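I have placed the structure first, in the form of C-alpha cells, so that the comments after it can refer back to it.
The values are calculated or read from the model by the stated rules, or taken from the named source; none is laboratory data. What you see is a predicted model, and the numbers here were worked out from it, not measured in a lab. Cβ coordinates were reconstructed from backbone atoms using ideal geometry, including for glycine residues, and neighbour counts include every protein chain displayed.
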Amino acid sequence: MIVDILNPITLIGGANISEGDLERALTIAPDLAAADGGANYVVNKGLKPLAVIGDFDSISENTKKKLPDSVLFPIEEQDSTDFEKCLRNIAAPLMLAVGFSGDRQDHQLAAYNALVRFPQQRCVLIGLNELVFLCPPSLSLDLPARCPVSLFPMGAVEGMSDGLEWPINGLNFAPDGRIGTSNRATGPVQLDMTAPKMLVILPQDALEIVATALIDTTAAWG
C-alpha cells in the first residue's frame, strides 16, 4: 500500500470540484490524497497530500515541482484508471472521493465500475448533487422520512430492506433487469445485500449520515 492510515481520507480527482463539497469532506477526513490531475487543484489551494497516485498524464510539471518527490507515486500502466490506481493503493476505513463526477459521463461510469471491482474499499463518490457508494453486506442509515433512496445494481444481486417506502425483499436485481431507483425512506433504513453489486445513491446532504454509517458498520466484503 502506498497510503495506509487508520483515519478516513479525502481523495481529490481532476473533475470539477465544489469548494463547499471539499470543505465538508475534509471536515470528516482531514488527511488527503490526489489522483493524478487532482494534484493541480491541491497545490493551487495550498493543501498537502499524503500521496499523488496515477499515470501522471494530467499533473502539470509546475505542480510536480511544488511537491516533494516522497509524495509522488507514478504508475505508468494504462489498464486501469487513476481512480482504480488509488483504490488499489490506499488503505483507510473510509474514502471520500471529490472531483470524480460531473465532467464526463464515461469517467463517471468508470468510477461506478471501480467501486464494484474494489468492494473491500468503503468509498463515497461525492457528486454535484448526489452521493454514490457500494452497499456493504449490511448497512444502517439514519435517514429522515421522505429522503430519496435509489438502488442501482451493477450485477445480479438480491436484498432485504427495512424503512423503505417500497421494500426490496425477495426481489432480484440486475443492470439489464429490475432496478431500484426513485425509492424513499420512511425513516431510518436497514439494507442487507447478497453480493457486492448494489450502488446506493442518496442526496448529497446525507454525507455525514453515510460517513458515520460506513465507518460504524462491521460488515464488509472480503
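Miscellaneous remarks
- Odd one out for P93 among (1) at pLDDT 95 or above; (2) surrounded by fewer than 20 Cβ atoms within 10 Å (Cβ to Cβ); (3) part of a helix (DSSP H, G or I); (4) of a type outside the set (S, T, N, Q): (3)
- Residues that are assigned to a strand (DSSP E or B) and farther than 19 Å from E158 by Cβ within segment 183-206 comprise R184, A185, T186, G187, P188, L202, P203, listed in sequence order.
- Pairing residues of segment 44-73 that are touching a residue at least 40 places away in the same chain (Cβ under 8 Å) and under 12 Å from A34 (Cα atoms) with residues that are β-branched (V, I, T) and assigned to a strand (DSSP E or B), at Cβ distances under 7 Å and at least 6 apart in sequence or on separate chains, gives L50/V3; A51/V3; F73/V52; F73/I53.
- Within the set L67, L26, L22, L32, the sole residue that is assigned by TED's automatic domain parsing to the domain that holds V116, at pLDDT below 95 and of a type in the set (A, V, I, L, M) turns out to be L22.
- Odd one out for L143 among (1) surrounded by fewer than 15 Cβ atoms within 10 Å (Cβ to Cβ); (2) not assigned by TED's automatic domain parsing to the domain that holds N89: (1)
- Any hit, segment 124-147, residues being in contact with a helix residue (DSSP H, G or I) (Cβ under 8 Å, 6 or more places away or on another chain), assigned to a loop (DSSP other than H, G, I, E, B) and more than 25 Å from R24 (Cβ to Cβ): no
- Yes/no for G127 being of a type outside the set (D, E, K, R), modelled with pLDDT under 95, surrounded by 18 or more Cβ atoms within 10 Å (Cβ to Cβ) and farther than 15 Å from I209 by Cα: yes
- Qualifying residue in segment 1-12 (condition: touching a residue at least 24 places away in the same chain (Cβ under 8 Å), touching a helix residue (DSSP H, G or I) at 6+ places or on another chain (Cβ under 7 Å) and exposed (fewer than 15 other Cβ atoms within 10 Å of the Cβ)): yes
- P137 loosely packed, with under 14 Cβ neighbours inside 10 Å and not charged (D, E, K, R): no
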